Structures are given as structure tokens and as C-alpha cells.
Number of protein chains: 2
Amino acid sequence: MTPPIAEVPLRKAYRLINHGPTVLVSARAAGVDNVMAAAWCCGLDYDPPKLTVVIAQGTKTRELVERSGMFVIQVPTVGQLHLTDAMGTHSMIEDPGKLGRFGVKLFGMDGFDLPFVAGCSAWLACRLVPEPHNQEAYDLFIGEVVGAWADARVFNDGRWLFETADPALRSLHHVAGGQYYAVGEGMSAKSAR
Amino acid sequence: MTPPIAEVPLRKAYRLINHGPTVLVSARAAGVDNVMAAAWCCGLDYDPPKLTVVIAQGTKTRELVERSGMFVIQVPTVGQLHLTDAMGTHSMIEDPGKLGRFGVKLFGMDGFDLPFVAGCSAWLACRLVPEPHNQEAYDLFIGEVVGAWADARVFNDGRWLFETADPALRSLHHVAGGQYYAVGEGMSAKSAR
């Protein structure tokens, strides 16, 4: 089935990654698409929304990001555990067929010449904010979010629905060496405000 | 009781925040201590370990970090939900008594002139890596981790023990407006490697 993908207002886009999930970074240049996993992706600003992501030197995805000036951050799901781990451990440079071999399916969004990974719970299309010193010294890339979408079964009206959605749609949070935690119980601190 | 706090080898310190928890940032300068919550804290490098944290302009904690060049990142627990939320919504500038009013207890670590928040599950003492452009343009601060410790009941031998530890020790992951998720089920992708 095709999940109901809904646009997320840009001012609420930070909520898609605010809880610290491991993400997939994808990019396209000169007809080549790639996808890699990244645990080091983080919100940076609300309006316009910006984020940071660490993309190691020598990766194919970094080359594509630097060439195109665009990338997608997407939030993979528990149902994509092995796909996500494989995208973090297999380099396209050594393993050119990695996307097909690990079942990565890409799709497009109108108005964006970017590869989006099917089956994720959320997608943030980003324009690279060039900061050569950060990129060279720290492998640190800044993106301005220029489009955001979510699977409406698990994120709707600005809120994650992990409490009630299919558990296979929970986000993944990598610790090290293939050990992950899924997102867990929801809780509110509103009473203290 | 006093929990068993154990030193974490610096090369494994990134694991304390790799799963994307909301953190508390604390700092000390000229006899003043403060603590604030931050959802935007992220790993940046392994060895030596570095991290990024976004600290808004106009906060007391930022002033203390800029004056002292040091800060602590600590991982608060589900048992500290209301304390954590209060540290993110109350500014010391408007509410000078906020630490005492919300039950924040500080303690010291030998060799570090820094305030550590009691009851957290992990602590990373950081030396500011000055990057004035990042700090001014993006509120983005880089720290090199120079000391790391964890509550051995929930992090031991380089691994989180959320599966078996007291649920009150789970990490918190803020979405927006006082809505949090606790860390959830553990899962391994090792079979795919």
C-alpha cells in the first residue's frame, strides 16, 4: 500500500527530528542517488527551520551533497531496522549495488529533484547552507529545511502518534555497533508549566 | 541513596548521547551555576569525542559557558521529567531561584570546577572549542568531551541497560511543548552485518 503522506508546515518541521532519531541522508547528483544512515543529525533553528548533520569524508553521499547542494533527511522506522543499519555500514564506493541489495526504494516529490526513501515516517528536503570551515574541519553540514512531509498514520497535526500507530512505524535510535532502541512511552510535562 | 557513578572511557563517551536524548546543559562562572534543558545536542566526533549543542542567545547558561569555556552535558531521566521541562521553560534571568524551586541538586567531580546535576544517568564534561562564527550565527557550540561518567545501574561496559534498569532511569526525548517520549524497546541489527 501507499501510506498517506502529508505535508508538514515548515514551522513544525523541527518536530520530526526533535526526539533524536537516527536518520537516513539521501542525495542525488549527475544521475547517481545514494542513501546513508546518520545518528548525528540535530535541529538547529525553528524559523526558517535548519538542521545539522555529520557526513563523514570519503562517503558517496557527501560527494553528492557537495555537488548538488541539496539532500533529504528522513526518519526510518523499526520496520526498516536492517535497511537502516545496512545503509550505515555499507558504502556505495565499495558496494555500488547497496541500495537494491538492501531493498531501498526511492520515490520523488513534485518540485524536488531529490531521492526520497520509501517506507520512512518523515522526510525533510534540505538546501545546503554552505559553511566550508565546518564541513572541512568537523564533517558538519547545515541544511535549511525547504520541504517537510510525514506519514500521516504516525505524525499528524504537528504530533507524533507513536502511542497509537503501528509499532513498526516507531523511530530508531542507534547507540553503537548495530544496537538500537525504538522510541518508547509518551509522557507530558505540561502539568508543571 | 547515592547511585554508583562510574567513569566512561572517552572513546565510548559518544554512546551516552548517540540515541538522541534531550539533555541538561550546566555551567559555572564567577560563583554562579545554572542549568538549562536542550533538545539540540548531538555527537560530532569519536576520538577525541566532540559534541554540538545549541544554546540560545540571552540565556544565563550561554553567558556562563562563554565566560568559563566549560560546560557539562548530562542525560536526565524519566524520574526527572518535570525538572527537565522546568529547566527548559524557566530562565534564571527572570527566575533567579529556579534551581532550588525545581529541586535541582548539584554535585562536584574531582578535577572539574563544574556543576553536575544529581540524579541524571550520564554526564559529559566539555571544554568549549571556540568557533565564534557558529556561536554568533547559529547559537551552535562545539565541546570536546574531557570527562565522562554514567550511573552504572543503567549504563555499563559501553552499553545502555534500559531493557533491565529501573524504568525511572530511561532517557527523555522532547518533541515540543512539554511532550516527551521515553526511550523504548532495544533491538539489534547485528544479524544483517
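The values are calculated or read from the model by the stated rules, or taken from the named source; none is laboratory data. Keep in mind it's a predicted model, so treat the numbers as computed, not measured. FYI the Cβ positions are ideal-geometry reconstructions off the backbone, even for glycines, and counts take in every protein chain you see.
Condition test on B:Leu114, is it crowded, with 20+ Cβ neighbours inside 10 Å, more than 14 Å from every other protein chain (Cβ to nearest Cβ) and in a helix (DSSP H, G or I)?
no
Yes or no: B:Asp151 in contact with a helix residue (DSSP H, G or I) (Cβ under 9 Å, 6 or more places away or on another chain) and farther than 15 Å from B:Ala13 by Cβ? Give the steps one after another, and end with the answer.
Numbers: in contact with a helix residue (DSSP H, G or I) (Cβ under 9 Å, 6 or more places away or on another chain): yes; farther than 15 Å from B:Ala13 by Cβ: no.
Answer is no for this residue.
Would you point out which residue out of A:Leu172, A:Leu124 is of a type outside the set (Val, Ile, Thr), surrounded by 22 or more Cβ atoms within 10 Å (Cβ to Cβ), within 13 Å of another protein chain (Cβ to nearest Cβ) and part of a strand (DSSP E or B)? Spell out the reasoning first.
Details: A:Leu124 fails: within 13 Å of another protein chain (Cβ to nearest Cβ).
After applying the criteria, what remains is A:Leu172.
Mind telling me which of the residues A:Leu128, A:Leu99, A:Leu64 ends up being modelled with pLDDT of 95 or more and farther than 30 Å from B:Val54 by Cα?
A:Leu99
I'd like the full set of residues that are more than 27 Å from A:Met187 (Cβ to Cβ) and either crowded, with 24+ Cβ neighbours inside 10 Å or among the aromatic types (Phe, Trp, Tyr) (or both), limited to the range B:54-77.
Passing the criteria: B:Leu64, B:Val65.
I'm trying to understand the selection: among the residues of the range A:127-149, which are part of a loop (DSSP other than H, G, I, E, B), in contact (Cβ under 8 Å) with a residue 24 or more places away in the chain and charged (D, E, K, R)?
Keep residues of the range A:127-149 that are part of a loop (DSSP other than H, G, I, E, B), which gives A:130-131, A:139.
Pick out the ones that are also in contact (Cβ under 8 Å) with a residue 24 or more places away in the chain and you get A:130, A:139.
Scanning the range A:127-149 gives a single hit, A:Asp139.
Within the range A:134-153, how many residues are within 23 Å of B:Asn18 (Cα to Cα) and of a type outside the set (Phe, Trp, Tyr)? Break it down into steps so the answer makes sense when it comes.
As a first pass, look at the range A:134-153 and keep what is within 23 Å of B:Asn18 (Cα to Cα): A:134-145.
Of the ones still in play, those that are also of a type outside the set (Phe, Trp, Tyr) are A:134-137, A:139-140, A:142-145.
Adding up the residues that qualify gives 10.
In the range A:150-169, which residues are within 8 Å of chain B (Cβ to nearest Cβ) and in a loop (DSSP other than H, G, I, E, B)?
Residues satisfying the conditions are A:Gly158, A:Phe162.
Looking only at the range B:78-104, count how many residues are surrounded by fewer than 17 Cβ atoms within 10 Å (Cβ to Cβ) and among the aliphatic types (A, V, I, L, M).
Total meeting the criteria: 1.
Given B:Leu51, B:Leu10, which one is within 14 Å of B:Gly143 (Cα to Cα), surrounded by fewer than 24 Cβ atoms within 10 Å (Cβ to Cβ) and not polar (S, T, N, Q)?
Testing whether each residue is within 14 Å of B:Gly143 (Cα to Cα), surrounded by fewer than 24 Cβ atoms within 10 Å (Cβ to Cβ) and not polar (S, T, N, Q) leaves just B:Leu10.
What are the residues in the range A:40-77 that are within 14 Å of chain B (Cβ to nearest Cβ), in contact (Cβ under 8 Å) with a residue 60 or more places away in the chain and in a strand (DSSP E or B), if any?
Residues satisfying the conditions are A:Leu44, A:Pro49, A:Lys50, A:Leu51, A:Thr52, A:Val53, A:Val54, A:Ile73, A:Val75, A:Thr77.
Check B:Gly178 against each of (1) free of Cβ contacts under 8 Å to residues at least 60 places away in the same chain; (2) small (Gly, Ala, Ser); (3) facing another protein chain (nearest Cβ under 7 Å); (4) at positive phi and name the one condition it does not meet.
Condition (1) is where B:Gly178 drops out.
Could you tell me which residue of the range B:15-35 is farthest from B:Pro48 (Cα to Cα), considering only residues that are without any contact (Cβ under 8 Å) to a residue 60 or more places away in the chain and at the interface with chain A (Cβ under 10 Å from one of its Cβ atoms)?
Applying the filter and picking the extreme gives B:Val23.
Can you name every residue in the range A:181-193 that is at the interface with another protein chain (Cβ under 7 Å from one of its Cβ atoms) and either surrounded by fewer than 23 Cβ atoms within 10 Å (Cβ to Cβ) or more than 18 Å from the chain's Cα centre (by Cα) (or both)? Explain how you work it out, then say what you get.
Restricting attention to the range A:181-193, the residues satisfying the condition of being at the interface with another protein chain (Cβ under 7 Å from one of its Cβ atoms) are A:181-190, A:192-193.
Passing the criteria: A:Ala182, A:Gly184, A:Glu185, A:Gly186, A:Met187, A:Ser188, A:Ala189, A:Lys190, A:Ala192, A:Arg193.
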